[in-house]
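Worksheet: the structure to be examined is printed underneath.
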Amino acid sequence: MPGLKPKPHPEVYRLQLVRVLQANLAQSRPAAAQWLATNPNTFVVVSWTYLFYGTYRDIALDLPGIERLLAHQGPSEQDRRELEAWPRRLMRFAHIVGDALPVLGRRIAQPATRLQMHEATRYLRDRDGIGTAIRALVRAELDAAWAARDRVLLLGHSLGSVIAYDTLWDFSHEGRTEPVDLFVTMGSPLATRFIRRRMRGAGLAGPSAYPRNIRRWVNLSARGDTTALQPRLKPSFHEMLDLGLTASIEDYVDLENYFRGTLGLNAHEAYGYLAQRSAAEVIGDWLERT
């Protein structure tokens, strides 16, 4: 499940995502890398952003950054300096304050941030039925996988993690019992006040507030990612563990996402998350067990 902003055509985008993940798996989980190379179509992209924006992003804009990821095993010293630079820290602090104090946040938010919040609200408030239509795309893919008796790893990046979570909540509260074997979230805003007040199950208490069909949940958050303002999800969703609704919630934080795109270093980019060693270990171990 991709996040906000237009994405390349789904088949083109899928090939590049698989390419990055497969190269990463080859470093620490070669058997999983070989299996993915043999079965690339098992990696499915739910292309909801075209429905949302009505356009595709040119993949040529992403290719230099992808090639850089594939050529380097980790961030450079310049990447690390930029991630720790005070303008990024100040921006992150402003986002945290804005999330905690929405009235103040609307006043201090930059235009790009206000646009992002507006777009997220469009989904969360289901304006013109857009949220329902997007979740229908996810439901169709999950239904197809379960009908084929496949084990499911559901991967959600950014707002895509919220859409995936909402869809699982819908399924479990319709009495559906099919499980997601592994739920992986990357750069997720699920623990932010902005999202938690609006997502599926908000305002409910006890088991009704949560999905009941996630066997294991792994969350990946990178340093400098201003979307994952609360990088650890376990503190916000620990009640799922207390109620026995999931076996585990694991947070891998302080990752170094060193993807460089057209606007420079982007610690939130999905390609960069798929290049993380922890992503290879979690996904690779699951593939090898499966």
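Centre-to-centre separation between the Cα atoms of the stretch 41-101 and those of the stretch 107-175: 19 Å. Relative to the Cα centre, the charge distribution of the stretch 9-133, modelled as +1 at Lys and Arg Cβ and -1 at Asp and Glu Cβ, gives a dipole magnitude of about 380 debye.
Each Lys and Arg Cβ is given +1 and each Asp and Glu Cβ -1; about its Cα centre, the chain then shows a dipole of about 740 debye.
Sorted on the mean count of surrounding Cβ atoms within 10 Å across their residues, most packed first, peptides 12-19, 182-189 read 182-189, 12-19. Note that the chain carries a Kirkwood radius of 19.4 Å, evaluated over its alpha carbons pair by pair. Within the listed set ALA270, ALA209, ALA144, the Gaussian network model of the chain (springs between alpha-carbon atoms below 10 Å) gives the highest mean-square fluctuation for ALA144.
For the stretch 137-150, the Karplus equation 6.51 cos²θ - 1.76 cosθ + 1.60, evaluated at θ = phi - 60°, returns couplings of 5, 5, 4, 4, 5, 5, 4, 5, 5, 5, 5, 7, 6, 7 Hz by residue, with Gly and Pro reported as x. Couplings 3J(HN,Hα) for the stretch 259-271, derived from phi with the Karplus relation 6.51 cos²θ - 1.76 cosθ + 1.60 (θ = phi - 60°), are 5, 10, x, 5, 9, x, 5, 10, 6, 9, 5, 4, 4 Hz, where x marks Gly and Pro. Under 5 Å from the amide H of ASP251 lie the amide H atoms of ASN219, each residue being 5 or more positions distant or on a separate chain, with H modelled from the backbone and absent for Pro and chain starts. A simple rule links phi to the HN-Hα coupling: the Karplus curve 6.51 cos²θ - 1.76 cosθ + 1.60 with θ = phi - 60°, which for the stretch 123-133 gives 5, 5, 8, 6, 5, 6, x, 5, x, 4, 5 Hz, with x for Gly and Pro. Around the amide H of GLY261, modelled in the peptide plane, lie the amide H atoms of ASN266, all under 5 Å away and 5 or more residues distant in sequence or on another chain. About its Cα centre, the stretch 81-209 has a charge dipole of approximately 720 debye under the convention of +1 per Lys or Arg Cβ and -1 per Asp or Glu Cβ, with nothing else charged.
The numbers here are math on the coordinates, done by the rules we state, and not lab data. Here the structure is a predicted model, which is why all the values come from computation and not from measurement. Cβ atoms come from the backbone with ideal geometry, glycine included; neighbour counts cover every protein chain shown.
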